[in-house]
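**Student:** Structure provided below as C-alpha cells; questions to follow.
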Amino acid sequence: MAEINTGDGGGKGGKKRSKKVSTKVDMTPMVDLAFLLITFFMLATTLTKQQKFDFGVPPDIKDPKELPELKASNAITVILGKDNLVYWYVMNQDGSTDFHETDFSDDGIRATLLERKKAVGENLNVIIKPMKDSKYKNLIDIIDELAILGIGKKAMVEATPDDVKLVQAENASVN
Amino acid sequence: MSKVKTKRHSISLDMTAMCDMAFLLLTFFILTAKMKVPEPAQFDVPSSISTDKYEEKNLIRISISGDDRIFLTVPDQTLRREMIDAYANTFKVNLTNEQKMAFELTETFGMQKSDLISYLAQSAEVRKKFPQSGIPADSTNNELEQWIATATGVRPELTIAIKGDKDANYSKFGEVIATLKKRRIYAFSLVTSLEAKPANL
C-alpha cells in the first residue's frame with residue numbers, strides 16, 4: 001500500500017523486491033496475561049478493605065451520685081467469661097437474681113437478648129462485663145449481637161469481684 | 001456437479017484494541033493498588049456486621065496481637081516525622097537524624113523505649129527481624145500513653161482505631177481502654193472484618 005514503488009513497472013531484469021514480512025503478532029497470550037493480572041489487582045485491592053465500628057466508653061465517674069439512674073428490671077447484665085461462655089442475669093424486683101450460663105450460638109445469648117427486648121422494649125439496657133480471662137473476640141461478638149438486634153443502650157464495665165464470685169459459683173454447681 | 005465451495009473465513013481477530021484496553025486497566029489498578037506493608041505480627045480480626053469503611057486517614061491504630069503484644073501503627077509518614085521530633089524533645093531522647101529517618105520509615109512498631117532506640121540504630125535488614133515485645137501499657141510503665149499523648153499533641157484532630165486479634169485477651173484490651181481514658185479519649189473505632197447479617201430475625 002504505502003511502499004514506494006521503484007523501478008520501471010515490473011520490467012524484466014528489474015530490481016529484486018524484498019520479501020514483505022507480515023508484522024501481525026498473535027496477541028492472544030498477551031491479552032490473557034493482561035486480564036489475569038487485572039483480575040488479580042482488582043481482587044487484591046477491593047477484598048482487603050476492612051470495616052470498623054465506632055465505640056465509646058463513658059468517663060470514669062468517681063461520685064456515685066452522678067451515675068445515671070437505671071431501673072433494675074430494664075437492665076440485663078452480660079458477663080463474658082473464659083472459653084467463649086456468657087453469663088447473664090436480670091435483677092428481680094426483690095433484688096434477687098437468676099444466674100444463667102449460655103454461649104454465643106443463635107439459641108444462646110441472642111435468644112435471651114431478643115426475649116428481654118420483647119419483654120422490656122426500647123428501654124432495655126445491656127451492661128457488658130468482660131472478665132479478665134475473656135477474649136477480645138467475645139467483646140466484639142456481644143457488641144455485634146446488640147447491633148444485630150438493634151439494641152442501642154449498652155454500657156461496658158469491668159467485671160466486679162462479686163461477678164467473678166457468681167461465675168465461680170455457677171461453674172462449681174455445674175461440675 | 002462440482003460441490004459449491006464455501007469461502008473460508010479467517011477466524012483470527014485483531015486483538016490490538018483489546019490488548020490496549022487490558023493494559024490500560026492493568027496500569028490503572030497497579031497504580032491505585034496500595035502496597036501491603038509487612039507487619040511485625042499477624043492480626044486475624046474478629047468479624048461484625050458493620051459496613052462502615054475503615055480508612056487510614058488522619059488516624060493512628062493500636063493493634064493487639066494474638067499473643068497480647070501492643071503495636072502502634074502510624075500510616076501517615078509526615079505525622080511519624082512530627083511525632084518522633086516531639087517525642088525526642090519531650091522525653092529527652094537523643095536521636096540522630098538517621099535514627100529519626102528510620103522511625104519515619106517504620107509504619108508499625110511494638111517495643112519499649114530502650115529497645116526502640118537500639119532498633120532505630122540498626123540497618124533496614126536487621127530492623128525487619130528485630131524482636132518486638134510490644135509497647136508496655138500497664139499502670140507501672142505506660143509508654144503507650146506517652147505515644148498517644150505525643151500523637152494527639154502533634155495533631156489534635158487525630159482519631160484512634162483499635163485492631164485486635166481474635167485471640168487477644170480482654171485484659172490487654174482493658175489496658176488500652178484505660179490508657180485512652182487517661183488521655184480523655186472516650187470514642188474510638190474498632191477494626192473488624194465483614195460478616196453477613198443473619199437473616200432469620
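**Student:** Between the stretch B:122-140 and the stretch A:96-175, how far is it from one alpha carbon centroid to the other, in angstrom?
**Tutor:** After rounding, the separation between the Cα centres reads 37 Å.
**Student:** Can you count the Lys pairs in the stretch A:77-142 whose Cα atoms are under 14 Å apart, with each pair 8 or more apart or on different chains?
**Tutor:** Within the stretch A:77-142, the lysine pair count is 5.
**Student:** Give me the log10 of I(q) over I(0) for the protein assembly as shown at q = 0.06, 0.07, 0.09, 0.10 Å⁻¹, as the Debye formula computes it from C-alpha points; what are the numbers?
**Tutor:** -0.39, -0.49, -0.68, -0.79
**Student:** Moving on to the next point. Enumerate the aspartates and glutamates that B:LYS129 could reach by cross-link, defined here as Cα to Cα under 17 Å, with residues fewer than 8 away along the same chain left out.
**Tutor:** B:GLU39, B:GLU107, B:ASP115
**Student:** A further question follows. Given the C-alpha atoms of the stretch B:10-93, compute the convex hull and give its volume per residue in Å³.
**Tutor:** In the stretch B:10-93, the Cα convex hull volume per residue is 214 Å³.
**Student:** Same structure again: When the convex hull of the C-alpha atoms of the stretch B:73-201 is computed, what volume per residue in Å³ does it have?
**Tutor:** Expressed per residue, the convex hull around the Cα atoms of the stretch B:73-201 is 149 Å³.
**Student:** A further question follows. Which distance in nm do the two modelled labels at B:GLU157 and A:GLN168 give, with both placed 7 Å along the Cα-to-Cβ direction?
**Tutor:** Each label point is offset 7 Å from its Cα along the Cβ direction, giving 5.1 nm.
**Student:** Using the per-residue mean of other Cβ atoms lying within 10 Å as a proxy for protection, in what order, highest first, do the peptides A:71-79, A:107-115, B:68-76, A:164-172 fall?
**Tutor:** Going by the mean number of other Cβ atoms within 10 Å, highest first, we get B:68-76, A:71-79, A:107-115, A:164-172.
**Student:** Starting with the fewest neighbours, write out A:HIS100, B:HIS9 ranked by other beta-carbon atoms found within 10 Å of each beta-carbon.
**Tutor:** By the 10 Å Cβ count, ascending: B:HIS9, A:HIS100.
**Student:** Now, a different point. Between 0 and 90 degrees, rounded to the nearest ten: what's the tilt of helix B:77-90 against the longest Cα principal axis of chain B?
**Tutor:** The angle comes out near 10 degrees.
All of the numbers you see were taken from the coordinates with simple rules; none came from a lab. Remember, predicted model here, so these are calculated numbers, not experimental data. We place every Cβ from the backbone using ideal geometry, glycine too, and count neighbours over all the protein chains shown.
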